[in-house]
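Input: a single structure, listed below in structure tokens.
The values are calculated or read from the model by the stated rules, or taken from the named source; none is laboratory data. Note that this is a predicted model, so its numbers are computed, not measured. Ideal geometry is used to build each Cβ from the backbone, glycine not excepted, and the neighbour counts take in all protein chains shown.
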């Protein structure tokens with residue numbers, strides 16, 4: 001099992017093979033079977049799996065150490081360590097087989113028609129100003145409509161998600177997931193994590209402090225992960241495309257997230273320029289987002305957590321690590337779009 005896990009991790013499988021066999025055939029069947037089951041469960045299956053695994057690990061190590069102490073030799077501990085290594089190999093293989101191979105699928109830059117070169121600062125500022133203009137225009141109506149219903153119950157958002165998937169891939173569309181609470185909610189606060197997908201049960205977990213106007217975009221981003229877009233930039237791109245094609249409240253959420261992403265890539269001078277262009281309403285929402293993050297986070301734990309996640313991404317062949325989050329801006333600026341922010345896929349017939 002350990003050798004199989006090592007081979008699976010290092011095997012040079014082409015992205016085309018992964019796309020053809022796993023991401024568009026095997027994985028959709030798994031996701032469309034598993035996510036409806038976890039949607040029906042009111043609690044986070046991730047909590048049960050991880051806490052149970054931690055308890056088993058602690059008990060096994062405790063017993064192994066106790067035997068080693070009794071024998072005054074390390075040898076009684078070796079079978080325990082061997083079992084732990086085998087269990088870790090099984091977990092890793094399950095991760096790859098249930099979701100993780102999606103890290104190796106055809107990247108979005110090869111999936112779409114890209115019309116422009118890598119964007120410069122001026123293009124990013126222009127995109128930020130476009131986001132500002134749309135936020136100013138959408139704010140009043142979005143807040144009037146509101147965000148009372150959970151994203152999972154938003155028919156327009158679900159329909160937009162399905163349409164975006166059909167535009168980007170030949171795979172059957174993924175089933176959206178409920179944005180669940182978790183016992184790790186406090187950890188999400190401390191580390192400024194907005195959401196995650198459980199790769200073993202294919203369910204969606206969310207930060208309990210998310211503001212109402214953040215939830216549609218966070219849900220759509222995590223749904224994109226459920227659809228097999230493991231790369232963070234690609235998930236943000238799919239989530240943004242989903243939101244801007246849905247109702248006005250979701251559109252506002254999508255443009256607000258893009259404004260946030262653009263701001264993180266600009267100089268202080270250009271961030272001030274965008275900030276001053278925001279109307280009072282959207283500015284208040286951005287301030288509320290900043291306050292939410294500041295109020296909950298523990299800076300040192302946050303930094304350590306994101307360093308670990310950076311290494312996790314690199315281990316799964318995402319060379320940019322956590323910098324891959326900001327690549328969504330490059331996708332938005334380089335992709336060719338038809339009317340209604342419809343991306344043009346390579347080799348796809350025109351509608």
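Take the residues in the stretch 151-193 that are part of a loop (DSSP other than H, G, I, E, B) and in contact with a strand residue (DSSP E or B) (Cβ under 6 Å, 6 or more places away or on another chain); name whichever of them is surrounded by the most Cβ atoms within 10 Å (Cβ to Cβ). It would help to see each step written out before you state the result.
First, pick out the residues of the stretch 151-193 that are part of a loop (DSSP other than H, G, I, E, B): 154, 169-178, 181-184, 192-193.
Now drop any that are not in contact with a strand residue (DSSP E or B) (Cβ under 6 Å, 6 or more places away or on another chain), which leaves 177, 182.
Working: 177: 26, 182: 22.
So, considering only residues that are part of a loop (DSSP other than H, G, I, E, B) and in contact with a strand residue (DSSP E or B) (Cβ under 6 Å, 6 or more places away or on another chain), the one surrounded by the most Cβ atoms within 10 Å (Cβ to Cβ) is 177.
For residue 29, state whether it is under 21 Å from residue 103 (Cβ atoms), surrounded by fewer than 14 Cβ atoms within 10 Å (Cβ to Cβ) and at pLDDT 95 or above. Steps first, please.
Details: under 21 Å from residue 103 (Cβ atoms): yes; surrounded by fewer than 14 Cβ atoms within 10 Å (Cβ to Cβ): yes; at pLDDT 95 or above: yes.
For residue 29, the condition - under 21 Å from residue 103 (Cβ atoms), surrounded by fewer than 14 Cβ atoms within 10 Å (Cβ to Cβ) and at pLDDT 95 or above - is met.
When you scan the stretch 208-216, do you find a residue that is in a helix (DSSP H, G or I) and either surrounded by fewer than 24 Cβ atoms within 10 Å (Cβ to Cβ) or within 18 Å of the chain's Cα centre (by Cα) (or both), even just one?
So in the stretch 208-216, the residues in a helix (DSSP H, G or I) come out as 215-216.
Add one more test, that the residue is either surrounded by fewer than 24 Cβ atoms within 10 Å (Cβ to Cβ) or within 18 Å of the chain's Cα centre (by Cα) (or both), and what stays is 215-216.
Checking the stretch 208-216: at least one residue is in a helix (DSSP H, G or I) and either surrounded by fewer than 24 Cβ atoms within 10 Å (Cβ to Cβ) or within 18 Å of the chain's Cα centre (by Cα) (or both).
Testing residue 268 on (1) in contact with a strand residue (DSSP E or B) (Cβ under 8 Å, 6 or more places away or on another chain); (2) without any contact (Cβ under 8 Å) to a residue 60 or more places away in the chain, one condition comes back false. Which one is that?
(1)
Give the stretch 112-128 a look and list any residue that's in a helix (DSSP H, G or I) and either surrounded by fewer than 16 Cβ atoms within 10 Å (Cβ to Cβ) or not assigned by TED's automatic domain parsing to the domain that holds residue 280 (or both), or say none.
Narrowing the stretch 112-128 to residues in a helix (DSSP H, G or I): 121-128.
The answer is 121, 122, 126.
What are the residues in the stretch 249-266 that are part of a helix (DSSP H, G or I) and within 18 Å of the chain's Cα centre (by Cα), if any?
Those that are part of a helix (DSSP H, G or I) and within 18 Å of the chain's Cα centre (by Cα): 250, 253, 254, 255, 256, 257, 258, 259, 260, 261, 262.
Within the stretch 39-67, can you find the residues that are farther than 23 Å from residue 198 by Cβ, touching a residue at least 12 places away in the same chain (Cβ under 8 Å) and either in the same structural domain as residue 175 (by TED's automatic domain parsing) or surrounded by fewer than 14 Cβ atoms within 10 Å (Cβ to Cβ) (or both)?
63 - this is the single residue of the stretch 39-67 that is farther than 23 Å from residue 198 by Cβ, touching a residue at least 12 places away in the same chain (Cβ under 8 Å) and either in the same structural domain as residue 175 (by TED's automatic domain parsing) or surrounded by fewer than 14 Cβ atoms within 10 Å (Cβ to Cβ) (or both).
Considering 258, 278, 274, 298, which residue is under 23 Å from residue 221 (Cα atoms) and assigned by TED's automatic domain parsing to the domain that holds residue 219? Reasoning before the result, please.
On the way: 278 fails: under 23 Å from residue 221 (Cα atoms); 274 fails: under 23 Å from residue 221 (Cα atoms); 298 fails: under 23 Å from residue 221 (Cα atoms).
Testing whether each residue is under 23 Å from residue 221 (Cα atoms) and assigned by TED's automatic domain parsing to the domain that holds residue 219 leaves just 258.
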